[in-house]
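Quick notes on the structure that follows.
The values are calculated or read from the model by the stated rules, or taken from the named source; none is laboratory data. Just so you know, these numbers come straight off a predicted model, no measurement behind them. We place every Cβ from the backbone using ideal geometry, glycine too, and count neighbours over all the protein chains shown. Heavy atoms of the whole protein, side chains included, go into the accessibility calculation; ligands, DNA and RNA do not. Shrake-Rupley method; radii C 1.70, N 1.55, O 1.52, S 1.80 Å.
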Amino acid sequence: MTDVYRNLRRAGGCWSVRESGRVVAHLPELALQDVRLVVQPGGRAACLRTGIRSVHAVARGTRTDFAGIPLGAVEVGYSPLMAPH
């Protein structure tokens, strides 16, 4: 499984790709299949308590070689201030 999260510190806000707990790439775009959106409750609580952003939400799935936006793709977003999911 691959974890993907938006990296706001790198120029252009690329995607960080983490496999087996280690960041293996920074990409401007990528495609995943069989995706689950995962939020770690403890990380969200710490973010709310301290006001400091941290990586506690990821898209977890299988990387594909698909180029472009697949038919039926859905845009999603997350804000720890708005909801726990």
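Numbers below:
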{"quantity": "Solvent exposure, largest accessible area first (probe 1.4 Å, DNA, RNA and ligands not counted), of I69, I52", "calculated": "I69, I52"}
{"quantity": "Pairwise label distance in nanometres, V35 with A67, each label 7 Å out on the Cα-Cβ vector", "calculated": "2.0 nm"}
{"quantity": "Probe 1.4 Å, all protein chains present, accessible-area order of S16, S54, S79, largest first", "calculated": "S54, S79, S16"}
{"quantity": "Descending semi-axes in whole angstrom, ellipsoid equivalent of region 10-85, from the Cα gyration tensor", "calculated": "24, 15, 12"}
{"quantity": "Rounded to the nearest 10 Å², the accessible area of Y5 at probe 1.4 Å", "calculated": "30 Å²"}
{"quantity": "Portion, in percent, of the accessible area of the chain that falls on carbon or sulfur, probe 1.4 Å", "calculated": "54 percent"}
{"quantity": "Exposure ranking of R53, R6, R36 by accessible area [1.4 Å probe, largest first]", "calculated": "R53, R36, R6"}
{"quantity": "Dipole of the chain, positive direction: furthest Cα of N7, F66, L81, with charges on the beta-carbon", "calculated": "L81"}
{"quantity": "Computed over the chain: relative contact order in percent, which uses C-alpha pairs under 8 Å that are six or more apart", "calculated": "29 percent"}
{"quantity": "Low-density loop positions, GluC sites (Glu not before Pro), the chain - DSSP coil, at most 11 other Cβ in 10 Å", "calculated": "E29, E75"}
{"quantity": "With Cα atoms, 0 to 90° folded angle of helix 41-50 axis to the chain main axis", "calculated": "50 degrees"}
